[in-house]
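Every read-out reported here was derived from the displayed coordinates using simple, explicitly stated rules and does not represent laboratory data. This is a predicted model, so every value here is computed, not measured. Cβ coordinates were reconstructed from backbone atoms using ideal geometry, including for glycine residues, and neighbour counts include every protein chain displayed.
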Amino acid sequence: MEAKKPNQKITRTFLKELREQINRKLKSVAEEHEIEINCGNCSYGNNEATFKLKINLKNEDGKVMTAEYENLLNLADLKGFDINGIYTLNGRKVSLEGYNYRAKKYPLQVMDLENGDRRKVSKQWFDTNVANKDKVYGDGYKGIVNNGK
């Protein structure tokens, strides 16, 4: 008896398209359970592929609880800064998104509030603009927030 081979090969292009379809289908499941689900990295051979499936819980505000966001919450408790504050980076308004304690040069993650771009910023920026309470208020006024220290 002769062994039968598959009709197609697993290719990078095929897997990219498949990942997009999987993520679209997972979106409804994620909404139903109020979580974040993402089909991510993939390793593959000629006849087999394995995708990484990442699931994150959301907090009461609907914010996805990543490891970096949880690290930021812990840092905020330790240093006493406003995690929901709006800060300035190169003249643009940004919000804090996460903290990667293993990244030595650029440990903070921020999101540009005008266009949604995410950026990594230095510890020096954090110390100057966040830890020292340099904050931008809703009307654009830039001032120092005093927390009693």
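Data overview
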| read-out | value |
| --- | --- |
| Point-charge dipole on Cβ atoms (K/R +1, D/E -1) for segment 12-57, about Cα centre, debye to 20 | 240 debye |
| Geometric extent, Cα atoms of the chain - Rg, Dmax (angstrom) | 21.3, 82 |
| Normalised alpha carbon radius of gyration of segment 12-57 [divisor 2.2 N^0.38 Å] | 1.23 |
| Ellipsoid equivalent to segment 29-100 - semi-axes via the Cα gyration tensor, in Å | 32, 16, 12 |
| Surrounding net charge for residue 42, when Lys and Arg each add one and Asp and Glu each subtract one, Cβ distance under 14 Å | +2 |
| Paramagnetic label zone (point 7 Å from Cα along Cα-to-C-beta, residue 95; backbone N under 18 Å) in segment 47-67 | 57-67 |
| Straight-distance crosslink candidates among aspartates and glutamates, where the alpha carbon sits under 15 Å from residue 63 and sequence neighbours closer than 8 are dropped | 31, 34, 36, 97 |
| Among the listed pairs 52/120; 27/58; 79/105; 27/52; 16/104, those beyond 26 Å (Cα-Cα) | 16/104 |
| Degrees between helix 12-33 axis and first principal axis of the chain (Cα, 0 to 90, nearest 10) | 60 degrees |
| Check: the chain dipole with +1 on Lys, Arg Cβ and -1 on Asp, Glu Cβ, in debye | 720 debye |
| Value at 222 nm in deg cm²/dmol, rounded to 500, when DSSP H runs of n ≥ 4 in the chain each add -39,500 (n - 2.57) | -8500 deg cm²/dmol |
